[in-house]
Amino acid sequence: MKKPLVLLVYTQRLILGRTFEMIGNLGILTLAAQLDADGFEAYAYTGIATDVFKTIERMKPRLFAVCFYCDFDNQSAVAAIIKGLKNEAGNDFHVVLGGPQTLHMTEHDLERFGADAVIKGEGEESLPAWLRARRTGATAAVPGELLSGKSAEYIYLEDFSKYPLPRDDAAFDYAERPLMSVITARGCPYRCAFCFEGGNSKNLRMRAADDVLHEIETRLRRSRGPRYLFFCDDTFTADPKRLAELLKGVRRLRERHDFVWFCEGHPGFLARRPELIREMIESGMVRMQIGMESGVDRVLQAYGKRALPEDVKNVVDICYGEGLPQLAGNFIIGGAFETRRTLETTTRFALDLLYRAPGMLDLSTTFLMPLPGTRISTNPESFDIALEDPDCLTSIEDFPVNRTRELSVPELCRERSLFLTHISNAMKEQYANGRIPPERIRRDFELAFRYGIAAGYLKFLYGKDPVVVAYYRKLFDSEGLLKEWRELEGEEKERCFIQRVPDFSLVDFAALSAAETEILLEAGSSSVKETARMLKLSMEATSACLERLSAQHLTLFSPCR
Ligand code: SF4
């Protein structure tokens, strides 16, 4: 007999970049594994809201239940989708609602969403119990289920080690992808005023390093190809002893598996423990994100960040010095006590960071969102904030829903746009003026081609230049056979064969000298020395030409024809 089919859905509106699809949702992959162990056939679907109906339609003939993950951003879409499903004739499956947004749900939400059940909290036990009861007709209450006239506790689980590991292949229409999310803890010890975790999460529940490492190894063994591990909790670095164990284990795993990794870091903590950053990079960390939020001390203090702009600056300096390829950071526009003055300070601060670390930073901005349970949403006036649209009906994080004492909603829009223009102009200028070290550009391409990490400068600048893309594509496809001019040593600079990189159609011949054009036309058939002889050029003149051609990403070099 076939097992009952369950579809777990994480959906968002069509937002720029669709990063939520790339990262996926570890929670529903974990629940899929649990349901599987409990005798169901479960799949996890992550996709845009308009595709949800199509996906459900494909599974409908056998579908036993659809379970929606609901957060602050997708709640109106989820409510509308559930209503649509319940109103459609012939839909003979259960509809369940779960996810972090259920924390603040009340009886009123039973009607608002129209699901068959709202189950509050971490669902490894309660969701299978509810579905089992539908199969057997049992009527006993399920912990966390919101029922009319009764209050329901949000379920927090303590010991995660007893639940099955997430199943990557439970993803609907599963195809191998580089990114693999891993969570090392639930909850957060910090209490940032704007953050859902900060306002709502109960105590921090950390997984033992051995459990995390066992999970990584198991999932890597089941997968093929290089991987990009995405540690998605905010507390990867929170406990130095556990961090040391994790790093040791990760280093061991990297001897057997090809992967690099990302994590979130806390600037206040890392600024005091710079040696950890080096260890993390040596253990394969290629990208980290830290909360930047604002360049103004008072604002960070009001948020309760337990870090100051000075800490952020120090972490940027350390990361750059240690060679971290990418450091991401976000600034909140229109947040606590925002004025034109604070925005000027934050802009100057961000530009200074870019100046200190050309080629490393991936800076972004958000507007403040009054997430339920946060101090910003419960007490906005104490941050000089007025909520214009507390339910966020006018925004999918692309538009402000608050103003500040000094700045209106349209002014905040304009200020965000100005901030981003300053940042992008500074990045373009750094690239155009050769301020980005070539080894950083090369490493970014390696991360993109090998591990699927295309972000920051690469996405915004280098990746848009077909000549540069062709150059690094050819370099990495050659698997070490081709070299760059700056890598050649001694006699190699005479013996090597010149290889032209892009199609002639991509070369701007008007920008080349006669000798450079000749070299390019002859490329592929002669060594550097033979080319110099043929064109009656000195070795010095030939080298100078090759250096310029290489700087324009037009030539690479091979030991043979
Ligand atoms: S912003 Fe990060 S550190 Fe602060 S409360 Fe939220 S999860 Fe914790």
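General remarks:
- Residue match in the stretch 113-126 (condition: part of a helix (DSSP H, G or I), in contact with a Pro (Cβ under 7 Å, 6 or more places away or on another chain) and free of Cβ contacts under 8 Å to residues at least 60 places away in the same chain): yes
- Residues of the stretch 171-193 satisfying the condition of being in contact with a strand residue (DSSP E or B) (Cβ under 7 Å, 6 or more places away or on another chain) and within 16 Å of the ligand (Cβ to nearest atom): S181, T184, A185, R186, G187
- Test for A532: is it in the same structural domain as D477 (by TED's automatic domain parsing), over 26 Å from G463 (Cα atoms), touching a Leu at 6+ places or on another chain (Cβ under 9 Å) and of a type in the set (G, A, S): no
- Test: residue in the stretch 240-255 that is modelled with pLDDT under 90 and either within 19 Å of the chain's Cα centre (by Cα) or surrounded by 15 or more Cβ atoms within 10 Å (Cβ to Cβ) (or both): no
- Sole exception among (1) within 16 Å of the ligand (Cβ to nearest atom); (2) loosely packed, with under 15 Cβ neighbours inside 10 Å; (3) assigned to a helix (DSSP H, G or I); (4) not charged (D, E, K, R) for G198, by number: (2)
- Complete set of residues in the stretch 389-440 that are farther than 26 Å from A455 by Cβ, among the hydroxyl-bearing types (S, T, Y) and surrounded by 15 or more Cβ atoms within 10 Å (Cβ to Cβ): T404
- Just one of the listed residues (D168, D211) is under 18 Å from L29 (Cα atoms), in contact (Cβ under 8 Å) with a residue 40 or more places away in the chain, of a type outside the set (S, T, N, Q) and in contact with a strand residue (DSSP E or B) (Cβ under 8 Å, 6 or more places away or on another chain), and it is D168.
- Every condition in (1) over 20 Å from G123 (Cα atoms); (2) surrounded by fewer than 17 Cβ atoms within 10 Å (Cβ to Cβ) holds for E107 except the one numbered (1).
- Figure legend. Inter-residue proximity from the stretch 143-165: first residues among the acidic types (D, E), second residues outside any loop (DSSP other than H, G, I, E, B), beta-carbon distance below 6 Å, spacing 6+ or different chains. Indicated pairs: E145/A117; E145/I119.
- In the stretch 149-179, the qualifying residues are those that are acidic (D, E) and in a loop (DSSP other than H, G, I, E, B), and the one that is nearest to the chain's Cα centre (by Cα) is E176.
A quick yes/no check of all residues on (1) of a type in the set (V, I, T); (2) closer than 30 Å to G335 by Cβ; (3) part of a loop (DSSP other than H, G, I, E, B):
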| residue | (1), (2), (3) |
| --- | --- |
| L147 | no, no, yes |
| S181 | no, yes, no |
| A193 | no, yes, yes |
| R219 | no, no, no |
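- With respect to the conditions (1) of a type outside the set (G, A, S); (2) away from the ligand (no atom under 16 Å from the Cβ); (3) outside any strand (DSSP E or B), F236 lacks only one, and its number is (2).
- Of all residues in the stretch 520-541, those satisfying the criterion of being buried (at least 18 other Cβ atoms within 10 Å of the Cβ) and under 19 Å from L482 (Cβ atoms) are L520, A523, S527, V528, T531.
- Test: residue in the stretch 251-263 that is within 16 Å of the ligand (Cβ to nearest atom) and under 16 Å from S181 (Cα atoms): yes
- In the stretch 482-510, the residues that are on the phi < 0 side of the Ramachandran plot and exposed (fewer than 14 other Cβ atoms within 10 Å of the Cβ) reach residues that are hydroxyl-bearing (S, T, Y) and modelled with pLDDT of 95 or more with C-beta atoms within less than 7 angstrom, at least six apart or across chains, in these pairs: F509/T517.
- Some residue of the stretch 218-229 being within 16 Å of the ligand (Cβ to nearest atom) and touching a strand residue (DSSP E or B) at 6+ places or on another chain (Cβ under 7 Å): no
- Exactly one residue among G304, G323 is over 24 Å from L420 (Cα atoms), away from the ligand (no atom under 16 Å from the Cβ) and among the small types (G, A, S), and that residue is G323.
- Reported count of residues in the stretch 59-79, each being assigned to a helix (DSSP H, G or I) and either surrounded by 14 or more Cβ atoms within 10 Å (Cβ to Cβ) or within 26 Å of the chain's Cα centre (by Cα) (or both), is 7.
- Residue count for the stretch 201-211 satisfying the condition of being assigned to a loop (DSSP other than H, G, I, E, B) and within 16 Å of the ligand (Cβ to nearest atom): 4.
- Checked against the criterion of being in contact with a His (Cβ under 9 Å, 6 or more places away or on another chain) and farther than 28 Å from D210 by Cβ, the candidates A115, A133 yield just one match: A115.
- Set G27, G47: member being out of contact with any Lys or Arg (no Cβ under 8 Å at 6 or more places or on another chain) and either under 21 Å from C195 (Cα atoms) or in the same structural domain as I183 (by TED's automatic domain parsing) (or both): G27
- Among the conditions (1) modelled with pLDDT of 95 or more; (2) surrounded by 21 or more Cβ atoms within 10 Å (Cβ to Cβ), the only one that Y190 does not satisfy is (1).
The values are calculated or read from the model by the stated rules, or taken from the named source; none is laboratory data. In this text, all values refer to a predicted model and were calculated from it rather than measured experimentally. FYI the Cβ positions are ideal-geometry reconstructions off the backbone, even for glycines, and counts take in every protein chain you see.
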